[in-house]
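A.B. asks: Would you mind keeping the following structure in view while I ask a few things?
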Amino acid sequence: MAAIKKFFEKRKLNVKFKKAGEGHRLDQSSSSTATKVVSSTPPKSKQVTKDPETEAARRAAAEAALARMELKQQSKNADSMVIQRARMKREMEAERKRLLEAEKKGAEARAGPVEVVQDSAPVLETVLFKCPDIGPQLLPKSEMERAIHRFLLENYEDEPEMTSALMIHTLNKNKEKVKICIETLIKYIDNIINNPTEEKYWKIRQTNKAFQERVACMKGTEEFLLAAGFSLKSLPFEDGEASFYVFDSDLAKDVDRLKNMKDVLLQAEPIKPELDRDLKVFHPSQSASTFNVPEDFYNISPEEFKKEQQRREEATEKLGMLRTKAMRERDEHRELRKYRYVLLRIKFPDGILLQGVFRAHESMKQVYQFVKENIVNDWIPFNLISGTSTKLEDGDATLAELGLAPAAVVHFSWDADILKEVAREKGQAVAKEHLRPEIMAHIQSL
């Protein structure tokens, strides 16, 4: 289930943020002014009759004054929310500009001159990633993550609820912290659903320790709170004032909307960049086993890699045959974690090379699938053989475990028994067809 497909297919929540804040009751002043009459002699008693029209005018004037005061207070609350949204918009625009600038610098760096060793295979400059949910571009991982971030910022205004939920899932890498954050936000929403008329459940103090540790420290949470219906206000607290996220009292009554907000938060999935196989096909070449992979392939730098090799060689010489099983297993485990990616070339019987990039922890099952997707007769069983003539089973063993990292040539062969039957039925020509025509159209020299 692609996150953005759900994003655009999910019906839009019909949410109208109220411009007015909390209501304020204004009582009419009880004091009234009386006209004093000063006279040296008591006046004669006089019957005073009230003019009904004058009384009606007075009442109308008082009601109009009250209405003006209420509108003024509502305007003040609305201004506060407008200011918060304007601030959020400015911050998001600044973040978009920063991400665009970073992407531009990355593109300029990739376009720079690359030194190529003439007697080696072509340089693989960097590992590329794709994300069909946001567009067709291929970018290095850090740039693709920035592009995803920018995509979310750009879509927040149109779909604030879904987008902010996606932000929380996508922009925070620690899965355990994301889980705690979501559980806390769900608890806030449940409190409002279960107590829609109790004001204490509408408020979250910004400096609250639990809020700071579980929610405020995570990206996308402020956007989610504002989209849900909270606004930031300064309220009396202890001996002074404190900032609180306060939920809109009118929105608290809309239980269906609040339940929908919970579903959005729980069902959203992170938008993840996918490793691009960077498929290439080459003519037969004596350089098939010559590789030049970028630093991205290693979890440690090349300098650290050389030092590690030297340290291990020295340790082996000192210990000789005294190395225990636990020591050997520890070294093997360290070896498996050394690589991030693997560059594989599948060599067909006619010498044609199919090249692809894999994660070091991907299994041979993924490699078999990659080959199957690109051969003509994908219905015929085949085998992949390592450089040491070992059959690489179509199973769960990882490329790092099989010793194929950081780069290797793997040999392709049809299943011999099945091929005999196919040859009898369809002739020998079928065995000579390997890669699909659209793949072969991009063949190049190594």
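Each value in this text was obtained by applying a stated rule to the coordinates, not by laboratory testing. Here the structure is a predicted model, which means the values were calculated and not measured. Cβ: placed from backbone, ideal geometry, glycine included. Neighbour counts: every protein chain shown.
A.B. asks: Just subtract the alpha-carbon distance of residue 217 and residue 263 from 0.36 nm times their residue separation and send over the number in nm, one decimal.
C.D. replies: 14.3 nm
A.B. asks: What's the extension gain from residue 180 to residue 234 if we count 0.36 nm per residue and subtract their Cα-Cα distance?
C.D. replies: Difference between extended and current length: 16.8 nm.
A.B. asks: Related question: Please report the net charge: other residues with Cβ closer than 10 Å to the Cβ of residue 375, K and R +1, D and E -1.
C.D. replies: Overall, the nearby charge balance is -1.
A.B. asks: Given the pairs 179/262; 141/347; 175/219, which are separated by over 23 angstrom at their Cα positions?
C.D. replies: Table pairs above 23 Å Cα-Cα are 141/347.
A.B. asks: Please find the FRET efficiency linking residue 208 to residue 154, where r is the Cβ-Cβ separation and R0 is fixed at 30 Å, and quote it to the nearest 0.05.
C.D. replies: 0.40
A.B. asks: What does the charge count near residue 436 come to, summing +1 for each Lys or Arg and -1 for each Asp or Glu among other residues with Cβ under 12 Å from its Cβ?
C.D. replies: -3
A.B. asks: With Cβ to Cβ distances under 11 Å as the rule, what net charge do the other residues near residue 193 carry (K, R +1; D, E -1)?
C.D. replies: +2
A.B. asks: Go ahead and collect, in residue order, the members of region 138-161 whose backbone nitrogen is under 16 Å from a label point 7 Å along the Cα-Cβ direction of residue 93.
C.D. replies: 153-158, by backbone N distance to the label point.
A.B. asks: In addition: Consider all pairwise Cα distances in region 352-416 and report the whole-number % of them above 17 Å.
C.D. replies: Looking at region 352-416, the distances longer than 17 Å represent 35 percent of pairs.
A.B. asks: Sticking with the crude label model, points 7 Å out along Cα→Cβ, report the distance from residue 242 to residue 274 in nm, one decimal please.
C.D. replies: 4.7 nm
A.B. asks: Just to verify a number: FRET efficiency for residue 424 and residue 397, C-beta to C-beta distance, R0 = 41 Å, to 0.05?
C.D. replies: E(calc), rounded to 0.05, equals 0.75.
A.B. asks: At 7 Å along Cα-to-Cβ for each site, give me the label-to-label distance between residue 287 and residue 190 in nm.
C.D. replies: With each label point 7 Å from Cα toward Cβ, the separation is 6.2 nm.
A.B. asks: Based on the Cβ-Cβ distance of residue 443 and residue 299, what FRET efficiency does E = 1/(1 + (r/R0)^6) give at R0 = 30 Å, to the nearest 0.05?
C.D. replies: About 0.35, to the nearest 0.05.
A.B. asks: Here's something else I'd like to know. With no solvent and one equal point scatterer placed on each C-alpha of region 176-273, evaluate the Debye formula and give log10 I(q)/I(0) for q = 0.12 Å⁻¹, two decimals.
C.D. replies: After summing over all Cα pairs, the log10 values are -0.39.
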